[in-house]
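The values are calculated or read from the model by the stated rules, or taken from the named source; none is laboratory data. Small disclaimer: the values here were computed from a predicted structure and weren't measured. Here the Cβ positions follow ideal geometry from the backbone for every residue, glycine too, while neighbour counts run over all protein chains shown. When the accessible area is computed, the model is the full protein with side chains, heavy atoms only, and any ligands, DNA or RNA have been set aside. Shrake-Rupley method; radii C 1.70, N 1.55, O 1.52, S 1.80 Å.
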Amino acid sequence: MNRRRFLHTLALSGIAATASRVPAIAAAGKPFRTPSKLLAGAGTPLRFPADWDGGPIVAAATKQNVWPDTQTDVWTYGGSWPGPTIRVKRGDTFKARMVNMLDEPTIIHWHGMIVPHEMDGHPSQAVGTKESYNYSFPILNRAGMYWYHPHPHHRTAIQAYRGMAGLFIVEDDAEKDLGLPDGGHDIPLVLQDRRIRDSRSEFRYEIVTDDDHIQGFLGDAVFVNGTPDPYLEVAKGLYRFRLLNGANARIFYLSFTDDRPFHIIASDGGLLDKPYKVSLLSISPGERFEILVDFSGDDIGTSVMLRSEETGGGAGYPPPQGAAFPVIRFDVVKEATKTFTIPQTLVPYEQYRAEDAVRERDFILSIKHEGSVGNLDVGHFINGLEFEMDRVDGTIPINELEIWNFRNTSLAPHPMHAHGVQFQVLDRAGNTNLAARDRGWKDTILVLPYQTVRVLVRFNPYPGIYLVHCHNLEHESHGMMLNFEVTGEPTGVESAAAQIEKLDLK
Ligand code: C2O
Ligand code: CU
Ligand code: CU
């Protein structure tokens with residue numbers, strides 16, 4: 001794709017990408033007809049990563065039958081892509097040992113989890129081949145779906161791309177009381193794309209073109225839980241789908257082929273105050289959403305596809321940001337044996353107020369590209385800076401509420417992420433009437449081209465160095481990341497229970 005068209009495409013997809021449905025999207029291409037007959041045999045049954053067994057989490061190169069007839073070289077945690085699903089309860093102490101059997105340094109970061117600096121997987125903590133790192137921290141977060149992935153200096157993008165990522169699911173009593181769909185009706189969906197046209201024997205990762213730099217490394221095929229062309233057999237009932245965008249760069253604009261409504265019940269930091277009904281949901285790299293989808297009105301023998309909608313992406317190879325994709329097909333095959341209902345309300349939480357903020361901070365997001373097409377020198381900056389391991393780019397007093405202004409002055413979308421904290425959106429493009437996707441506790445927020453998103457942030461209880469970065473992993477690994485030092489006395493680190501009290505996350 002040439003650069004002019006690329007600019008055009010991103011501007012379009014950016015403007016069209018607001019979370020509530022806008023006519024531009026509704027009118028855009030609908031490439032998939034709702035299949036009226038079961039497509040028996042077409043596709044691959046959705047796979048699920050095994051639950052973590054409590055043993056060492058080994059990072060290593062291995063092979064996986066991504067396609068039944070092909071062994072693909074992958075790098076994994078615990079031998080599978082995605083890695084084992086870790087399940088913990090709020091208030092527990094989590095302990096794990098990571099062993100690095102890769103030929104290069106690595107470290108695990110627990111994305112979204114509020115942990116001490118030493119446990120956070122800062123790139124300075126990366127360990128070499130055959131070394132290990134011991135993790136131990138109390139679970140302070142609310143029930144929700146978090147995740148883990150590598151964070152070594154300059155190598156996060158390639159390690160994640162090659163297959164290193166897993167789910168980290170927190171449960172608590174407030175969630176349990178809601179009676180949400182569970183068991184076989186509680187389904188994690190890890191959305192990722194990979195570029196497979198040139199090779200299925202490995203996930204080749206080579207940043208070659210200008211677009212690979214500017215847009216990030218986009219794939220030509222979508223995988224759900226590491227499954228190509230996935231489908232899932234469902235019963236005529238209500239399902240809880242837990243969505244993670246684990247792609248390096250691709251944003252998904254999710255809807256069903258029959259445009260059925262569904263309910264968003266949780267975001268990055270767990271359950272919302274109540275379910276929000278939508279029929280389109282954008283999810284950018286690093287973000288999570290949980291949705292309730294109802295198949296009770298579907299006839300047995302029919303299918304519906306979850307897809308990523310066309311948002312003006314156009315054509316090109318790999319399909320650009322905003323191109324249409326099928327994501328996963330649901331085949332309705334039986335009556336439900338257990339019925340679930342959509343709760344009226346979920347879990348209330350403290351809503352931050354802008355007037356309580358004590359200071360404001362700007363994060364100017366920019367991309368600089370110089371030179372000619374095909375020969376660009378591209379840099380990604382926050383406040384004009386590229387990441388330096390030992391430079392601290394600001395201090396944040398512990399427990400003080402701040403307003404952060406993410407100002408995107410570039411033509412690319414940036415999903416901005418902060419470590420060590422869950423924040424709340426104050427406004428998007430000046431609009432405080434938030435779309436459902438911007439509500440609740442967030443640790444990653446999509447900032448569209450030339451848009452400003454303001455968030456309310458308060459670090460507690462841990463002081464120390466934490467990262468703020470773009471979760472487009474090509475942007476991150478090329479330096480779109482800063483160090484911040486949270487200063488002040490640690491509050492309430494005596495016990496997990498005391499910390500939960502003081503955190504006031506409920
Ligand atoms: Cu998933 Cu530093 O992030
Ligand atoms: Cu993170
Ligand atoms: Cu970015």
message: Here is a check on your reading of the model: is S36 modelled with pLDDT of 95 or more, within 30 Å of V333 (Cβ to Cβ) and open to solvent by 30 Å² or more (accessible area, probe 1.4 Å)?
response: no
- line: Across the range 170-204, the tally of residues that are surrounded by fewer than 18 Cβ atoms within 10 Å (Cβ to Cβ) and within 29 Å of A235 (Cβ to Cβ) stands at 11
Among (1) modelled with pLDDT under 95; (2) over 30 Å from F484 (Cβ atoms); (3) out of contact with any helix residue (DSSP H, G or I) (no Cβ under 8 Å at 6 or more places or on another chain) - the single one D298 does not satisfy: (1)
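Would you check if F387 is under 21 Å from the mean Cα position of the chain (by Cα) and aromatic (F, W, Y)?
Details: under 21 Å from the mean Cα position of the chain (by Cα): no; aromatic (F, W, Y): yes.
In short, no.
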- line: Restricted to the range 468-488 and to residues being away from ligand 2 (no atom under 14 Å from the Cβ) and among the β-branched types (V, I, T), the residue most open to solvent (accessible area, probe 1.4 Å) is T487
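Counting residues that are in contact with a strand residue (DSSP E or B) (Cβ under 6 Å, 6 or more places away or on another chain) and surrounded by fewer than 20 Cβ atoms within 10 Å (Cβ to Cβ), which strands (runs of 3 or more DSSP E) fully inside the range 46-137 reach at least 2?
Values: elements: 57-67, 70-77, 86-89, 93-100, 108-111.
In the range 46-137, the matching strands (runs of 3 or more DSSP E) lie at 57-67, 70-77, 86-89, 93-100.
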field: Members of the range 278-291 that are assigned to a strand (DSSP E or B) and under 20 Å from G246 (Cα atoms)
entry: L281, S282, I283, R288, F289, E290, I291
message: If a residue must be touching a residue at least 60 places away in the same chain (Cβ under 8 Å), away from ligand 3 (no atom under 16 Å from the Cβ) and not in a strand (DSSP E or B), how many such residues does the range 298-344 contain?
response: 24
- prompt: Can L365 be described as crowded, with 19+ Cβ neighbours inside 10 Å and not in a strand (DSSP E or B)?
  reply: no
query: Which residues, taken from the range 140-168, are surrounded by fewer than 21 Cβ atoms within 10 Å (Cβ to Cβ) and either free of Cβ contacts under 8 Å to residues at least 40 places away in the same chain or away from ligand 2 (no atom under 16 Å from the Cβ) (or both)?
result: H154
- prompt: Only one of these conditions is not met by E355: (1) open to solvent by 30 Å² or more (accessible area, probe 1.4 Å); (2) touching a strand residue (DSSP E or B) at 6+ places or on another chain (Cβ under 9 Å). Which number is it?
  reply: (2)
- request: Would you check if V278 is more than 26 Å from Y148 (Cα to Cα), buried (at least 17 other Cβ atoms within 10 Å of the Cβ) and more than 21 Å from the chain's Cα centre (by Cα)?
  value: no
query: Residues A59, A42, A50: which one is over 19 Å from the mean Cα position of the chain (by Cα) and modelled with pLDDT under 95?
result: A42
- request: From the list A126, A143, A157, A96, pick out the single residue that is within 16 Å of ligand 3 (Cβ to nearest atom) and either within 21 Å of G464 (Cβ to Cβ) or under 18 Å from the mean Cα position of the chain (by Cα) (or both).
  value: A157
- prompt: What number goes with the only condition from (1) at pLDDT 95 or above; (2) touching a Leu at 6+ places or on another chain (Cβ under 8 Å) that M389 does not pass?
  reply: (2)
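Would you check if I207 is open to solvent by 40 Å² or more (accessible area, probe 1.4 Å) and assigned to a loop (DSSP other than H, G, I, E, B)? First the steps, then the outcome.
Working: open to solvent by 40 Å² or more (accessible area, probe 1.4 Å): yes; assigned to a loop (DSSP other than H, G, I, E, B): yes.
So I207 fits the description; yes.
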